[in-house]
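Please read the structure below before turning to the comments.
The values are calculated or read from the model by the stated rules, or taken from the named source; none is laboratory data. This structure is a prediction, so every number in the text was calculated from the model and none was measured. Counting neighbours? That spans all protein chains shown, and the Cβs are built from the backbone with ideal geometry, glycine included.
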Amino acid sequence: MFHSEKLTFGEVDVYLLYYENFQEDEHLHNLLPDEHGRLTQYHHPNRRREFIATRVLRSMVFGNEPILYSEIGAPYIEGDGYISISHATQVVGLAFSRFFPVGLDLEPIRDKVLRISHKFLSASEKDKLDVHDVTEMIKTWSGKEALYKLAGRKGIHFAEELALTKISEEEWAGEINCGNVRKKVNLSITKRHDFVVSVNPKAAVDV
């Protein structure tokens, strides 16, 4: 029903919880009172299971500490450190750093990314990356989703304001250049089963 694993990237721990179909009632005890109310907002079974699985994972890692959200929707645990939450098909992930903001993205590997790559690739990235390779494009999309979370603001143009350079298959260099936010950060972008995990193993640096 549930299977978990812990991955470590530099100074960041990533907790993954895999699940299949499960009886919701058997796991509602993992939800805090206000989370029961939020669950009623989700009507699609997949979205409800995803919400519950995220709270099951939270309980495994932090106990009953509530997941709070900043004014831009970024999750955090009061007093414990920085977290980031993401999901792919039948898996939810939680990244945790005690010392610096962290951006996590889980992205299922699907070939439809080739049809939308023009929306998130800069001209330079189109020249340097293999735009015909599904996994490489998923890694690029996922890495930019992680950068987006680290930027801490909405309304970002992925092709123009987020940049990625491939150093090796699993090590990438990222840049955020939007408004008054200028940051550089290394990302670990790795294939795991049928999805990609992207996360920053160290703190972003202001430039």
Kindly provide the set of residues from segment 19-65 that are under 14 Å from ILE83 (Cα atoms) and either outside the structural domain of ARG98 (by TED's automatic domain parsing) or in contact with a strand residue (DSSP E or B) (Cβ under 6 Å, 6 or more places away or on another chain) (or both), ordered by number.
THR54, LEU57, VAL61, PHE62, GLU65
Answer with yes or no whether ASP130 is more than 28 Å from THR54 (Cα to Cα), touching a helix residue (DSSP H, G or I) at 6+ places or on another chain (Cβ under 8 Å) and of a type in the set (Asp, Glu).
yes
Requiring at least 2 residues that are more than 26 Å from GLU175 (Cβ to Cβ) and in contact (Cβ under 8 Å) with a residue 60 or more places away in the chain, the strands (runs of 3 or more DSSP E) wholly within segment 61-127 are 91-97
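Checking the conditions here, which among ILE189, ILE176, ILE167 is farther than 20 Å from ALA151 by Cβ and among the β-branched types (Val, Ile, Thr)?
Numbers: ILE189 fails: farther than 20 Å from ALA151 by Cβ; ILE176 fails: farther than 20 Å from ALA151 by Cβ.
Unique residue meeting the criteria: ILE167.
Rundown of residues vs (1) exposed (fewer than 14 other Cβ atoms within 10 Å of the Cβ); (2) among the hydroxyl-bearing types (Ser, Thr, Tyr); (3) farther than 20 Å from TYR82 by Cβ, yes/no style:
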| residue | (1), (2), (3) |
| --- | --- |
| SER117 | no, yes, yes |
| LEU121 | no, no, yes |
| ASP130 | yes, no, yes |
| ASP133 | yes, no, yes |
| THR140 | no, yes, yes |
| GLU145 | no, no, no |
| ALA151 | no, no, no |
| LYS154 | yes, no, no |
| GLU170 | no, no, yes |
Tell me which residues, restricted to segment 45-66, are among the polar types (S, T, N, Q) and either surrounded by fewer than 17 Cβ atoms within 10 Å (Cβ to Cβ) or more than 12 Å from GLU35 (Cα to Cα) (or both).
ASN46, SER59, ASN64
Test GLU161 against the stated conditions and say whether it is closer than 24 Å to ARG110 by Cβ and surrounded by 18 or more Cβ atoms within 10 Å (Cβ to Cβ).
no
Exception for LEU106 within (1) more than 24 Å from HIS29 (Cα to Cα); (2) modelled with pLDDT under 95 falls at (2)
Here is a list of conditions, (1) touching a Pro at 6+ places or on another chain (Cβ under 8 Å); (2) among the hydrophobic types (A, V, I, L, M, F, W, C); (3) buried (at least 22 other Cβ atoms within 10 Å of the Cβ), and ALA203 meets all of them except one; can you say which number that is?
(3)
Within segment 66-120, the residues that are in the same structural domain as ASN186 (by TED's automatic domain parsing) and over 16 Å from the mean Cα position of the chain (by Cα) are ARG110, ASP111, LYS112, VAL113, LEU114, ARG115, ILE116, SER117, HIS118, LYS119, PHE120
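Just to be sure I understand, how many residues within segment 1-14 are in contact (Cβ under 8 Å) with a residue 40 or more places away in the chain, closer than 17 Å to PHE99 by Cα and assigned to a strand (DSSP E or B)?
Taking segment 1-14 and keeping what is in contact (Cβ under 8 Å) with a residue 40 or more places away in the chain, we get 2, 4, 7, 9-14.
This time we only want the ones that are closer than 17 Å to PHE99 by Cα, so: 9-14.
Filter once more, keeping what is assigned to a strand (DSSP E or B): 9, 12-14.
Total meeting the criteria: 4.
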Consider segment 5-23. How many of its residues are loosely packed, with under 14 Cβ neighbours inside 10 Å and either hydroxyl-bearing (Ser, Thr, Tyr) or more than 17 Å from GLY93 (Cβ to Cβ) (or both)?
3
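Hey, among the residues in segment 90-118 that are among the charged types (D, E, K, R) and out of contact with any Phe, Trp or Tyr (no Cβ under 7 Å at 6 or more places or on another chain), which one's nearest to SER4 (Cα to Cα)?
Start the filter on segment 90-118 by keeping residues that are among the charged types (D, E, K, R), which leaves 98, 105, 107, 110-112, 115.
Checking which are out of contact with any Phe, Trp or Tyr (no Cβ under 7 Å at 6 or more places or on another chain) leaves us with 98, 105, 110-112, 115.
Values: ARG98: 21, ASP105: 17, ARG110: 23, ASP111: 27, LYS112: 28, ARG115: 33 Å.
So the residue we want is ASP105.
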